[in-house]
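Novice: Below: one structure in structure tokens.
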Amino acid sequence: MQIKTDANGQKYVNDHYIYVAQIASTLNAGAQQTVTVNIEADSNFTWVKSAVFASLAGAAQTAATQVLPDVTLQIQDSGSGRLLQNVAVPITSMAGNGQLPFVLPVPRLFKARSTISFTFANRSAAENYSVLALSLIGYKTFFL
């Protein structure tokens with residue numbers, strides 16, 4: 001890690017980190033579930049990329065059979081009190097897969113001690129997702 005200095009002369013380091021918003025139990029067809037992620041008190045977090053993983057009843061997957069969840073997502077940041085979209089959007093509009101994550105057009109800062117709420121809504125009439133996990137890939141900023 002490289003020590004850097006901000007405009008106020010404060011020294012800091014950035015370190016890679018991933019926060020994961022994962023459903024607590026199966027997201028049934030037509031259902032919705034809200035998951036919260038608490039940003040730790042030790043640092044701010046900058047979200048740069050995102051990836052989603054979904055599974056149907058724990059079935060094995062290959063690159064050719066990877067599940068693309070028919071799920072919408074709404075995100076709210078308690079640190080700023082803002083919704084990050086005007087309406088829930090398809091999760092694939094804001095998350096790629098593990099090999100090719102979605103790169104945010106502008107990195108998003110979440111302040112230490114804030115809470116992020118993720119509301120997942122299953123639009124499918126038939127599919128039940130046994131696993132649904134959104135990875136926020138980015139870095140923590142530690143002031144020295």
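FYI, it's all coordinate maths here, none of it is from the lab. All of these numbers come straight from a predicted model, not from anything done at the bench. Here Cβ is always computed from backbone atoms with ideal geometry, including for glycine, and neighbour counts include all displayed protein chains.
Novice: For the structure I just gave you, tell me whether ALA29 is surrounded by fewer than 13 Cβ atoms within 10 Å (Cβ to Cβ) and either part of a helix (DSSP H, G or I) or hydrophobic (A, V, I, L, M, F, W, C) (or both).
Specialist: It is false that ALA29 is surrounded by fewer than 13 Cβ atoms within 10 Å (Cβ to Cβ) and either part of a helix (DSSP H, G or I) or hydrophobic (A, V, I, L, M, F, W, C) (or both).
Novice: Shifting gears a bit: I'd like to know if segment 90-105 contains one or more residues that are in a strand (DSSP E or B), of a type in the set (S, T, N, Q) and either under 21 Å from TYR17 (Cα atoms) or out of contact with any Phe, Trp or Tyr (no Cβ under 7 Å at 6 or more places or on another chain) (or both).
Specialist: In the first step, residues of segment 90-105 are kept if they are in a strand (DSSP E or B); the result is 90, 96, 102-105.
Restricting the remaining residues to those that are of a type in the set (S, T, N, Q) gives none.
No, there is no match, as no residue in segment 90-105 is in a strand (DSSP E or B), of a type in the set (S, T, N, Q) and either under 21 Å from TYR17 (Cα atoms) or out of contact with any Phe, Trp or Tyr (no Cβ under 7 Å at 6 or more places or on another chain) (or both).
Novice: Hey, ASP77 hits all of (1) touching a residue at least 60 places away in the same chain (Cβ under 8 Å); (2) within 19 Å of LYS140 (Cβ to Cβ); (3) surrounded by 13 or more Cβ atoms within 10 Å (Cβ to Cβ); (4) of a type outside the set (Gly, Ala, Ser) but one; which does it fall short on?
Specialist: The single condition ASP77 does not satisfy is (1).
Novice: Here's a follow-up. Does segment 14-33 hold any residues that are over 24 Å from LYS140 (Cβ atoms) and touching a Ser or Thr at 6+ places or on another chain (Cβ under 8 Å), and which are they?
Specialist: Answer for segment 14-33, where residues must be over 24 Å from LYS140 (Cβ atoms) and touching a Ser or Thr at 6+ places or on another chain (Cβ under 8 Å): THR26, ALA29, GLY30, GLN32, GLN33.
Novice: Here's something else I'd like to know. Is there a residue being part of a strand (DSSP E or B) and acidic (Asp, Glu) anywhere in segment 116-135?
Specialist: Step one: of segment 116-135, the residues part of a strand (DSSP E or B) are 116-122, 129, 131-135.
If we keep only those that are acidic (Asp, Glu) too, we end up with none.
The answer is no; no qualifying residue exists.
Novice: Farther than 18 Å from SER135 by Cβ, in a strand (DSSP E or B) and among the aliphatic types (A, V, I, L, M): is that true of VAL13 in this structure? Write out each step before concluding.
Specialist: Working: farther than 18 Å from SER135 by Cβ: yes; in a strand (DSSP E or B): yes; among the aliphatic types (A, V, I, L, M): yes.
Spelling it out, VAL13 is indeed farther than 18 Å from SER135 by Cβ, in a strand (DSSP E or B) and among the aliphatic types (A, V, I, L, M).
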